[in-house]
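Peer 1: Just dropping this structure here.
The values are calculated or read from the model by the stated rules, or taken from the named source; none is laboratory data. Here the structure is a predicted model, which means the values were calculated and not measured. Here Cβ is always computed from backbone atoms with ideal geometry, including for glycine, and neighbour counts include all displayed protein chains.
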2 protein chains.
Amino acid sequence: MSSSKKARTHPQYELLYWPGKMPGRGEFIRLVFEAAGVSYRDVSNEEENGMKIILDMISPESTGDSDSNPPVFAPPALRIPGEGKDGKALLIYQTPSILSYLGDRLGLAGEDEAEKAWVLSHALTALDLNNEAHDTHHPIAVAEFYEDQKEESLKKAKNFREVRIPKFLGFFERVLKGNEKQGEGKYLVGSKLSFADTTVWHVLNGLQFAFPKELGSRKKEFPTLFETFYQSVQEQSRLKEYLASDRRFPFSQGIYRYYPELDRQ
Amino acid sequence: MSSSKKARTHPQYELLYWPGKMPGRGEFIRLVFEAAGVSYRDVSNEEENGMKIILDMISPESTGDSDSNPPVFAPPALRIPGEGKDGKALLIYQTPSILSYLGDRLGLAGEDEAEKAWVLSHALTALDLNNEAHDTHHPIAVAEFYEDQKEESLKKAKNFREVRIPKFLGFFERVLKGNEKQGEGKYLVGSKLSFADTTVWHVLNGLQFAFPKELGSRKKEFPTLFETFYQSVQEQSRLKEYLASDRRFPFSQGIYRYYPELDRQ
C-alpha cells in the first residue's frame, strides 16, 4: 500500500497492531489513513516476525523504548519517525489518543476547537459501544475462552441488544439530526468527514456482522444513521476503494464475532 | 468554591454531572480544576433542580441545545461560556475529551506534542481501569441492581483482582520508572503534574476504597506507584487542601463500592 498512494507529504506512519489480518482496534486507525489517502505501514502484517514485534512492544518488563517513549499498555500503537523527543520517533498508544493525534494532521478532526471536541467525544462514545460489543462474548474475563463464560454472555448479549444498542444508535441518530443543516445526515460534525464518522461507521459495520438479526430488525428505527450516513461514508471514494481491497480484513474471532446464540432469537 | 479561588482569568466553567455529592466520573474533572486552582461551578450540586438539569441535558429526545451543541450521551459534560459557535457556550461530553480540552488550558496536559499524547494515553488507560472496576459490580447490565447480578459479579471481581489489577498497576509502575529521571516517581510524564497523574491517583484511591484487602496486600509490589507517586499527588498543596475540604465527596454507591464479598477473601 505504501507505494500506491499519492506522493508523501507526511512522515512514514507505522501502525503497530496484532498480526493475523484482523480488523480489531487497529481498524479505527487504518480507516483514518485510508480516508485521508495517507500512506502507512501496517507493521505486524507486513513483517515476518510481526507477533514478536508487538509482544516486545508490550513486554511486561518494559519501561519504555530507546527513543524515550513510555511503555505501551496494549496495541494499537502508532510510531511516527522524527516527531518524538530530540527528533527521535514518537510512540503513542490508546485508540482515541492516536485518532486525536492523527485527526489534526490528516484533516479529519473538525474545523475549529468546538468541532474538534465534539469529534473526539463522538468517537469515544462509538469506542465505548465497541467495548461493550466485545464484552458480550467476554463478560467475565478477557483472557479466557468464550465457551467458559457462555452463560454470562447470553445474559450480557440480551441486555446489550435490548437496552444498549438502541440507546447508542438512537444517540447517533440524534447527533446526525442535530447536524442535518450542515451535515445532511452524512456527517456527525460539520460538513465534512471526520474520524467520528469513520469510527461510528466501523462499529455499525461490526454490529451488523455480529448481530445480523438484531440489526436487520432495528435498522429502520434509525433511518438517518443507516440509510444516509452509513451508505455515504462507505461510498466516500477513498474508503470505497479501500473496503473493496484486500487491505480491509474480514471480521472473524476478534471484537465482533458471530455467535448465533447471542443474536436476537 | 467559586469565590474562594484566585482572581479569574478563565471562563466560568460549568461541570454538569449527576447531583448527590458523589465522586463518579465528574471527579476526574473536579480534580484538574482543583489542581490548577481554577474556579468552576459544580452545577447540579449547587442548584436546587440539579437532577432536572442533568436529565434535560441527556434527554432521549434531544438533538442538541440552542447554542448549536450536539446532544450529550451521558454526564459528565462541561459548559464553557463564550467558547462555542458564534461566541455561544461550548458543551463537551466524555471524560477524556473534557480532560483533553481542559488539560491544554489549565497547564496540565504536558509540555510538548509528545507529552500531550502520552498524558492523554495514560489517562485513557486509567479510565479503562475505572470502567473495569465499575463492571465488577455490574458485569451484565448497568441499569439493573447489583443483587440481580451478584453471582456474575463474584466471578468478574475475582478475575479483576487477580489478573486485571496487577496488569494495570504494574503498567503504571513501569511508566513511573521509565520517567524517573525527570519525574522522580512523582509524575507519569515529564517533570510536572498532569491530568494523567490526577486521573491515575483517583483510580488508585477508589480501588483502595472498593478492594481494601486486595490493595492492602498488593501495594508493596508497586512501591513507586504507592509510596512515591500516590503520596506525592495528594500532598500537592492545592489538592491537599481540596481533599480535606467538603468539596471532595466520599465514595458510596457509585463506580467504587465496598462489597466485602468482592474483595480478596
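Peer 1: If you go through the range B:152-181 one residue at a time, how many are closer than 16 Å to B:T198 by Cα and of a type in the set (V, I, T)?
Peer 2: 1
Peer 1: With the structure loaded, tell me whether B:P60 is under 16 Å from A:K167 (Cβ atoms) and in contact (Cβ under 8 Å) with a residue 24 or more places away in the chain or whether it fails that test. Write out each step before concluding.
Peer 2: On the way: under 16 Å from A:K167 (Cβ atoms): yes; in contact (Cβ under 8 Å) with a residue 24 or more places away in the chain: no.
In short, no.
Peer 1: Against the condition β-branched (V, I, T), more than 8 Å from chain B (Cβ to nearest Cβ) and within 29 Å of B:L91 (Cα to Cα), how does A:I165 come out, does it pass?
Peer 2: Working: β-branched (V, I, T): yes; more than 8 Å from chain B (Cβ to nearest Cβ): yes; within 29 Å of B:L91 (Cα to Cα): yes.
Considered against the rule, which asks whether it is β-branched (V, I, T), more than 8 Å from chain B (Cβ to nearest Cβ) and within 29 Å of B:L91 (Cα to Cα), A:I165 comes out as yes.
Peer 1: Looking at the range A:72-86 only, could you name the residues that are facing another protein chain (nearest Cβ under 8 Å) and among the small types (G, A, S)?
Peer 2: Kept after step one, since they are facing another protein chain (nearest Cβ under 8 Å), are these residues of the range A:72-86: A:73, A:83-85.
Listed by number, the list holds a single entry, A:G84.
Peer 1: Could you give me the residue pairs with C-beta distances under 6 Å whose first residue belongs to the range A:66-85 and is small (G, A, S), whose second residue is part of a loop (DSSP other than H, G, I, E, B) wherever it lies, and which are 6+ apart or on separate chains?
Peer 2: If the second residue must be part of a loop (DSSP other than H, G, I, E, B), the pairs left are A:G82/A:P11; A:G84/A:D67.
Peer 1: From A:N69, A:N45, which residue is surrounded by 17 or more Cβ atoms within 10 Å (Cβ to Cβ) and either within 14 Å of chain B (Cβ to nearest Cβ) or acidic (D, E) (or both)? Let's see the steps before the verdict.
Peer 2: Working: A:N45 fails: either within 14 Å of chain B (Cβ to nearest Cβ) or acidic (D, E) (or both).
On inspection, the qualifying residue turns out to be A:N69.
Peer 1: With B:A109, B:A117 as the choices, which residue is touching a Ser or Thr at 6+ places or on another chain (Cβ under 8 Å), at the interface with chain A (Cβ under 10 Å from one of its Cβ atoms) and within 23 Å of A:V72 (Cα to Cα)?
Peer 2: Details: B:A109 fails: at the interface with chain A (Cβ under 10 Å from one of its Cβ atoms).
Exactly one residue qualifies, and that residue is B:A117.
Peer 1: Continuing with the same structure: Looking at this structure, is A:Y101 closer than 24 Å to A:W18 by Cβ and in contact (Cβ under 8 Å) with a residue 60 or more places away in the chain? Please lay out each step first, then the result.
Peer 2: Values: closer than 24 Å to A:W18 by Cβ: yes; in contact (Cβ under 8 Å) with a residue 60 or more places away in the chain: no.
In short, no.
Quick grid of which residues meet (1) modelled with pLDDT of 95 or more; (2) of a type in the set (S, T, Y); (3) closer than 26 Å to B:K219 by Cα:
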| site | (1), (2), (3) |
| --- | --- |
| B:A109 | yes, no, no |
| B:A114 | yes, no, no |
| B:W118 | yes, no, yes |
| B:E132 | yes, no, yes |
| B:A141 | yes, no, no |
| B:S153 | yes, yes, yes |
| B:V163 | yes, no, yes |
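Peer 1: Here is a follow-up. Listed residues B:G178, B:G170, B:G185; which is out of contact with any strand residue (DSSP E or B) (no Cβ under 9 Å at 6 or more places or on another chain), of a type in the set (G, A, S) and more than 9 Å from chain A (Cβ to nearest Cβ)?
Peer 2: Values: B:G178 fails: more than 9 Å from chain A (Cβ to nearest Cβ); B:G170 fails: more than 9 Å from chain A (Cβ to nearest Cβ).
Sole residue among the options that is out of contact with any strand residue (DSSP E or B) (no Cβ under 9 Å at 6 or more places or on another chain), of a type in the set (G, A, S) and more than 9 Å from chain A (Cβ to nearest Cβ): B:G185.
Peer 1: Check whether at least one residue in the range A:182-194 is of a type in the set (F, W, Y) and more than 15 Å from A:V119 (Cβ to Cβ), and report yes or no. Give the derivation first.
Peer 2: From the range A:182-194, those of a type in the set (F, W, Y) are A:187; that's our starting set.
Cutting the leftovers down to more than 15 Å from A:V119 (Cβ to Cβ) gives us none.
Within the range A:182-194 (the criterion being of a type in the set (F, W, Y) and more than 15 Å from A:V119 (Cβ to Cβ)), the answer is no, since none of the residues qualifies.
Peer 1: Follow-up question, since we're still on this one. Which one of the conditions (1) under 23 Å from A:Q253 (Cα atoms); (2) crowded, with 19+ Cβ neighbours inside 10 Å; (3) within 11 Å of chain B (Cβ to nearest Cβ) does A:R25 fail to meet, given that it meets all the rest?
Peer 2: Unmet condition: (3).
Peer 1: Out of A:A123, A:A133, report the one residue that is under 23 Å from A:F28 (Cβ atoms), buried (at least 24 other Cβ atoms within 10 Å of the Cβ) and more than 8 Å from chain B (Cβ to nearest Cβ).
Peer 2: Details: A:A133 fails: buried (at least 24 other Cβ atoms within 10 Å of the Cβ).
The unique qualifying residue is A:A123.
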